[in-house]
1. Normalise the Cα radius of gyration of segment A:227-319 by 2.2 N^0.38 Å (N = residues in it) and let me know the number.
2. Under 8 Å for C-alpha pairs, at least 6 residues apart: give me the relative contact order for segment B:397-473, rounded to a whole percent.
3. Let a ≥ b ≥ c be the square roots of the eigenvalues of the Cα gyration tensor of segment B:1-144; is it rounded (a/c under 1.5), or, if not, prolate (a/b larger than b/c) or oblate?
4. Averaged over A:273-280, how many beta carbons belonging to a partner chain fall within 10 Å of each residue's beta carbon?
5. Residue separation times 0.36 nm, minus the C-alpha to C-alpha distance between residue B:415 and residue B:215: what's the value?
6. Mind running the shape call on segment B:238-373? Use the C-alpha gyration tensor, a ≥ b ≥ c as the square roots of the eigenvalues: rounded below 1.5 for a/c, prolate if a/b tops b/c, oblate otherwise.
7. Relative to the longest principal Cα axis of chain A, at what angle does helix A:35-50 sit, 0 to 90 degrees, rounded to 10?
8. In what sequence, highest mean first, do B:13-20, A:356-363, A:133-140, B:391-398 appear when ranked by Cβ atoms within 10 angstrom?
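None of the figures in this text is laboratory data; all of them are computed from the coordinates on show. Owing to the predicted nature of the structure, the values given are computational and were not obtained by experimental measurement. Glycine gets a Cβ as well: all are built from the backbone with ideal geometry, and neighbour counts include every protein chain shown.
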């Protein structure tokens, strides 16, 4: 330690500058049964981890039983007035593992040169998804007049099946090639309800988001690992997320043919069939097909998918193996890492499809192990299991168009500039 | 050849070439068409193969899922079983079942009820995945339909959303009652005490209950039943033990009180004896002194009749002094006033001394005296004067009660640093019923021999006290007409 007072002041100033210009991240997680106690425990861990630097933003991911106003009140009491963004999910992922119950918080102390804004659009059931997306985009842009924008993260309700239109609306406001990363929250198949957290509010049937700008470095990767099988077919008639005809026949015929089952039997096993063998939409120039889950079968033989399939799309039935899915996880991680460049990774946000979680069954922490292998054991990580993921496809080329994905793993790596 | 002819020939030639070329193209088109047909056929074939692959893959996935579920279920059951089986309190058994276990078994809701015969209603022991209000409402509904559930318990059969036994509520009714889409209800059959049932369910419309699920829940219910039996047995045993402990404690308190009372009385008795003995000894000494003076004719010659009376007074006074001394010794030992000064003593020397002491009487009654003292039993750790009194008393008694030409034998044997000494005679023997009381104060066997042989009834009491003061034991084995053996133990030196 130097004894020169001037040097000491200079050192302190340099340290302060370093603190103010660098990003600090801390993670907290609790599985205590009492939701308020769990929130207290997790926040306590995160605050200690920040080592006296002031928190400027919090991401909160919880299992459904923690979605209670009292919990958010406890969070606000402990964290003060800092912006909060998050949602409920039927599973949480942190460095510690994969959990069906728990409260996870990621506290960020962002540099003064990083700008952000959080917002939400409520009651989406009463609005068109396109307009909702536009409204959210406009709200997020508030105060960003002369600030370069970098990335937007959005968290939407599970019940919003028109994810494609929501993205279109957001892109209408933020720009067609602006990178959007996001997810639709998943529930525990019980009450068919998901919750979004924004500051002091618990919302349903809404979409909340954050827009980052200024000094902000990120990289992302999205992959699924499903491979095309069988003949290519054409969507000869469709409307939004309803495929009416494939190759001029009722859409359900495709599945009836492949699985040798009638519509009734198909409907009974639809969830399993849909997650193991989704439809793949061919996108020229892309290595992977865009996946679409089948949500239900209509009486006229139309298939309702999670996300739109435009008319004249070339589609194929998709199949995967554990190996191909895990290879996709590795590829998504490597894309995110490469995309981030040389900047030091500060933390990861993972949006992993709930379908992938179901398929992994007992070994549901396999993907987490793969992620930790690529990014290192101690890189802070927080994630949820989702019912649809949003991300641009051409992640390497940066400004790719954002799509609504199914059954994919979406990895967002945030790093220092 | 005219130019026209040349032209015609050229035209014909060109037509022929064109025709040949056309024919070639048609041929190639036909070949390409065949190739396209073949490719389409291959594509169709590959599509058919793709269908087969998908169907096989689906079967494999199903099998994999089922296997995965079974492994997970078995793992969960093993963990649960370990947790439950170590529980010995009825309510704690159900507390060991938590959300995580139920979820690992593929369900998110669980309830457990036990039928209380006295109250004639089902009591709720576990609720998972329900709020308290919901669980209480379900409890009320179950008690309203208790007969169905009692029948289910009685029949011992499992009900599930896939199979409902006859006479039970309908699937829809159960779904409504428990607020689920799929369920399993399995009786908890304990051998003794209250029986009940465990319920697991899910609201997930995509979950269907399999045979494997039913088996798992059935195993869990059996495990709970067995653990309930164990817990109840433990409770019963524990209660009996508690009752027994209370009784033992009560009895111990009573005995301690009685012992204290006995000690007080004993002390009072010892004090009394000590005091009385002292009081008696002083006048006795005077009586004896005066009798001695008179007998010595220091006050003049005495007529024979007076002399003989005085001699009697003197003899009886001696006996009385002897008795008083014994009583005083007993009282001193009892109250711990006598200090036992242990030293290494030669058993052989003591026995020789005793033989020497009684040699005159032995000779008079023609009683043979022998001793058998092995090499390793020759040294004892004892107070010399006290232990000599023991030998004097025991050999003296043997001499008194052994008729002419009899035998007295002293033998010893040693084990674990304890020496057992036996004084054996060929006397009249002691009746069985008197053997237990022989060491009591003033006890004398009620028979003709004792009427002839004089004694105070204090000798053996004193011997017992001395041996016990040496941390030894004394006992007697005797048969009337054959003789007695008095045995006692002392520490070897």
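1. The reported ratio for this selection is 0.96.
2. Relative contact order of segment B:397-473: 23 percent.
3. Prolate, because a/c is 1.5 or more and a/b exceeds b/c.
4. 2
5. Taking 0.36 nm per residue and subtracting the Cα distance, the gain is 65.4 nm.
6. Oblate, since a/c reaches 1.5 and b/c is not below a/b.
7. For helix A:35-50, the angle is close to 60 degrees.
8. A:133-140, B:391-398, A:356-363, B:13-20
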